[in-house]
Structure formats: C-alpha cells, structure tokens
Amino acid sequence: MRVLFVSDVYFPRVNGVSTSIRTFREDLSREGVETRLVAPEYSSDNSVAYEGAPQGFDPSGVLRVNGKRVPFDPEDRRMSWRSLTAALDGLDGSEFDLVHIHTPFVAHYAGVRFARRAHLPCLATYHTFFEEYLHHYVPLLPHLLARFLARSFTRSQCAAVQGLIAPSEPMRAVLKAYGVRTPIHVVPTGLPADRFRPGDGRAFRARAGIPAERPLVLYVGRVAHEKNIGFLVQVFREVHQRLPEALLVIAGEGPARESLMREVAALGLGHDVHFAGYLERDAALLDCYAAADVFVFASRTETQGLVLLEAMAQGAPVVSTAELGSRSILVPESGALVVPEDKDAFARAVERVLTDGELRAELRARCRAYARSWSSLAMAQRLAQVYAELHRAPHTARATA
C-alpha cells in the first residue's frame with residue numbers, strides 16, 4: 001500500500017506531530033506500507049514563495065514546499081495555498097492508495113482537495129486539541145465564542161474525510177461529544193526501540209554544569225502557553241523553598257519561553273531554573289531524561305502525551321496531572337504519581353520523590369517496564385489495518401470530486 005502524508009509541520013521543527021509522523025513512517029515501512037510526505041521547507045530562503053514546478057521526493061520520501069515564517073512564531077512555516085496545491089498537482093494520484101492528513105491548517109484543505117481529485121480515501125489524525133489552542137493564542141476572543149468556533153471548525157474538517165485517528169480514547173470521546181460522525185479509530189503513537197537506549201545522565205549534567213548530586217526536576221516539551229509550564233514554575237518555587245538545592249530544567253523551545261524567563265527572574269529563581277533549549281533527540285535528549293530525578297508535567301491539552309512515555313522509557317519518575325489524552329497513559333500500573341492541578345499537592349509529590357530514594361528506585365523500574373508495553377511497531381500494525389479497511393470501503397464512501 002502507498003500512502004501520501006500531508007502536514008503543516010515536520011522535522012527539523014520538533015514537536016509531537018513531527019515525532020508521530022516519523023515514528024509511524026519508519027514502522028509502517030516494516031509492515032509493507034510505503035509513505036510519502038509533503039511538508040514545509042525550513043531553510044533560510046523561506047520568504048520566497050514556491051512558484052515553479054514541484055520538485056521530487058528526496059531519498060527519505062519527503063517533498064518540501066517553501067513557505068513563509070509565521071508572525072510571532074519563528075519555529076513554524078506557513079505554506080501558501082498556491083505553493084502547496086502546485087506541489088500536490090505535480091503528483092500522480094494513481095501512485096497512491098490513500099491520503100493521510102496530520103494537521104488542521106493549509107495541509108488539511110489541500111490534502112482533501114488532492115484526495116477528491118484523485119478519487120482516493122482520505123483520513124486525518126486529530127493531533128491538536130484546537131479548542132484549547134484558540135483559547136491561548138487568540139486570548140481576546142471571548143471564551144464561549146472561541147469554543148463555538150473551534151467545535152464548528154473541527155466538525156467541518158472531520159466531515160470532509162472518511163476516517164479519523166484519535167491518539168487516545170479521551171480524545172475520541174471529545175470528538176464524539178462535538179457531534180463528529182466520521183468513524184474514529186484510536187491509534188496512539190508508540191515508542192520506537194531507540195527511545196529505550198539508555199541515556200547518560202552524568203554526561204548531560206557535566207555538559208550543563210550541573211553537580212551530580214543536585215536534585216533535578218525536569219520538564220521536556222514545547223515551551224508554549226497551553227502546556228501549563230507557568231504552573232510547574234510555581235510548583236517548583238514551593239519545592240525550592242524546602243529543598244533549596246533543587247534545580248528545574250526546562251528543555252524545549254516555544255513562544256512562552258521569554259515570558260517564563262521573566263517570571264523565573266521575578267521569583268528570584270534565575271540560578272535555580274535552567275532553560276536547556278532544543279536537545280538533539282538521539283543523544284542529548286535521552287541523556288537529559290536519564291539525568292532527571294523526577295519528570296513533571298501538567299498540560300491540559302495533550303491529545304496523547306508521548307513525552308510522558310519517553311521519560312518513562314529512560315526511567316525518569318513521573319509526577320503529573322492527568323488531563324485529556326494523558327489520562328490514557330497515566331493509568332494505575334504506569335508507575336507515575338498522578339496528582340491534581342493543585343500547587344501544594346503537586347509540590348508535596350515532587351518532594352516525596354526527591355527525598356525518598358527507595359520510592360524513586362521503585363518508580364524508575366515500574367516506569368521502564370510500563371513504557372515497554374507501548375511498542376511503536378504494534379501501533380503501526382493497528383494503523384496499517386485501518387488503512388486496509390478504508391481502502392476496501394465502497395467507492396461511494398471515498399472522497400469524490
């Protein structure tokens with residue numbers, strides 16, 4: 001089977017969508033599913049709109065489309081409609097059996113257009129909890145209006161495809177509550193084998209100038225407002241008052257970094273919070289996870305929460321709230337300490353892990369064992385089955401011109 005992926009984001013832009021796409025592409029190839037990906041170009045000439053005939057796929061099966069920088073968001077690129085549709089129009093629809101869309105922006109509409117013209121079935125993965133996304137990035141929009149617009153937008157997009165992938169059961173429930181009628185399949189992103197390669201925590205500490213004995217509290221992920229990192233900073237302030245030697249490491253980049261740095265300085269924690277920035281995934285990031293004495297997380301918007309599994313795979317004890325998609329990961333047997341979004345309760349749990357060596361060792365072992373149950377190959381097999389079912393569906397159920 002040959003599947004065309006279309007996305008508004010991919011590496012070198014690091015986030016959960018990029019990670020999910022790469023993980024599935026690698027494992028689907030082992031299942032006999034060939035994937036090609038159309039995604040933005042991130043080189044220095046992104047201000048030049050794509051005008052010529054589309055270039056071919058590179059050896060990794062990725063066709064890059066030039067785009068422009070997104071205002072106030074230096075990480076992302078905005079593919080123009082003209083650029084993206086030109087690229088897709090240059091493809092032979094007969095070379096594909098199905099279209100899989102991964103983002104709800106220009107890629108969604110261009111992907112649906114291509115599928116209809118080529119008479120191909122089309123499905124989309126709902127990676128983003130768009131209702132909360134609008135709340136954070138258009139703060140002047142009244143909350144009730146934002147919720148109405150987000151839900152209407154979601155229903156409209158979901159109705160345009162023949163199948164949906166939800167990364168977790170809670171996310172499927174959200175879509176059903178919205179009134180989405182398109183068939184929804186729950187297929188989480190799994191962990192590839194390389195995520196279990198032991199990181200070198202001592203090496204990370206040495207590179208960052210962190211003493212080996214200093215208690216390290218870690219957050220990894222996009223440094224964005226919807227991730228609720230400000231709450232984690234407030235929690236760490238409580239922890240630091242009782243354990244002044246503790247250090248909070250925030251690994252990642254995003255639009256909230258500057259405001260968080262100002263907040264940290266205002267709290268007098270400038271020497272006790274380390275912003276590590278992006279870390280190379282195949283080495284430095286694994287070392288960072290391995291260096292942690294406790295991994296903290298409090299996002300309300302995760303459709304899955306893959307970063308939790310990555311931390312567990314490296315034996316980092318987890319203290320986290322369990323909201324939306326992360327509830328599907330943070331089950332009782334996961335080995336994590338699940339706490340409410342309450343500053344005092346969260347801080348007490350973090351302190352407990354930092355001060356109780358036996359508990360910390362127990363959580364490390366349980367987290368590692370639990371993470372191994374989330375094999376990425378098994379998830380790819382489930383997705384391949386969804387593809388096969390959609391491909392076999394009657395022609396009337398497919399996208400039509």
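See the values below:
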| quantity | calculated |
| --- | --- |
| ILE210 vs. criteria touching a residue at least 60 places away in the same chain (Cβ under 8 Å), of a type in the set (A, V, I, L, M) and in a loop (DSSP other than H, G, I, E, B) | yes |
| Lone unmet requirement of (1) more than 27 Å from LEU149 (Cβ to Cβ); (2) at pLDDT 95 or above; (3) not in a strand (DSSP E or B) for GLN55 | (2) |
| Any hit, segment 17-40, residues being over 25 Å from LEU120 (Cα atoms), modelled with pLDDT under 95 and not assigned by TED's automatic domain parsing to the domain that holds GLU226 | yes |
| Candidate set from segment 288-302 (those that are within 19 Å of PRO192 (Cα to Cα) and not aromatic (Phe, Trp, Tyr)); member that is nearest to the chain's Cα centre (by Cα) | CYS288 |
| Segment 85-100, residues that are part of a helix (DSSP H, G or I), within 19 Å of HIS391 (Cα to Cα) and touching a residue at least 40 places away in the same chain (Cβ under 8 Å) | GLU95 |
| GLY268 being assigned to a loop (DSSP other than H, G, I, E, B) and in contact with a helix residue (DSSP H, G or I) (Cβ under 6 Å, 6 or more places away or on another chain) | no |
| Among (1) surrounded by 24 or more Cβ atoms within 10 Å (Cβ to Cβ); (2) in contact with a strand residue (DSSP E or B) (Cβ under 6 Å, 6 or more places away or on another chain), the one test that LEU286 misses | (2) |
| Some residue of segment 341-359 being closer than 19 Å to THR23 by Cβ and part of a helix (DSSP H, G or I) | no |
| Boolean, ALA159 is in contact with a Phe, Trp or Tyr (Cβ under 7 Å, 6 or more places away or on another chain), at pLDDT 95 or above and under 19 Å from ALA107 (Cα atoms) | no |
| Whichever residue in segment 58-74 is among the β-branched types (Val, Ile, Thr) and modelled with pLDDT of 90 or more and, among such residues, is farthest from the chain's Cα centre (by Cα) | VAL65 |
| Filter pass, GLY277 being surrounded by fewer than 16 Cβ atoms within 10 Å (Cβ to Cβ), under 20 Å from THR19 (Cα atoms) and free of Cβ contacts under 8 Å to residues at least 60 places away in the same chain | yes |
| Verdict on ARG242 being modelled with pLDDT under 95 and either in the same structural domain as SER326 (by TED's automatic domain parsing) or in contact with an Asp or Glu (Cβ under 7 Å, 6 or more places away or on another chain) (or both) | no |
| Check on ASP272, modelled with pLDDT of 95 or more, among the acidic types (Asp, Glu) and in contact with a Gly (Cβ under 8 Å, 6 or more places away or on another chain) | no |
| Evaluation of GLY325 against (1) surrounded by 20 or more Cβ atoms within 10 Å (Cβ to Cβ); (2) small (Gly, Ala, Ser); (3) closer than 26 Å to HIS102 by Cα; (4) at pLDDT 95 or above (one fails), failing number | (4) |
| The one condition in (1) modelled with pLDDT under 95; (2) assigned to a loop (DSSP other than H, G, I, E, B) that THR103 fails to fulfil | (1) |
| Members of segment 128-155 found to be at pLDDT 70 or above, assigned to a loop (DSSP other than H, G, I, E, B) and hydrophobic (A, V, I, L, M, F, W, C), listed by number | PHE129 |
| Only listed residue being farther than 21 Å from PRO170 by Cα, in contact with a helix residue (DSSP H, G or I) (Cβ under 8 Å, 6 or more places away or on another chain), in the same structural domain as VAL174 (by TED's automatic domain parsing) and assigned to a helix (DSSP H, G or I), chosen from ALA384, ALA380, ALA290, ALA388 | ALA384 |
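The values are calculated or read from the model by the stated rules, or taken from the named source; none is laboratory data. None of the values given here were measured: they were computed from a predicted structure. Reconstructed Cβ throughout: ideal geometry from the backbone, glycine too, with neighbour counts over all protein chains shown.
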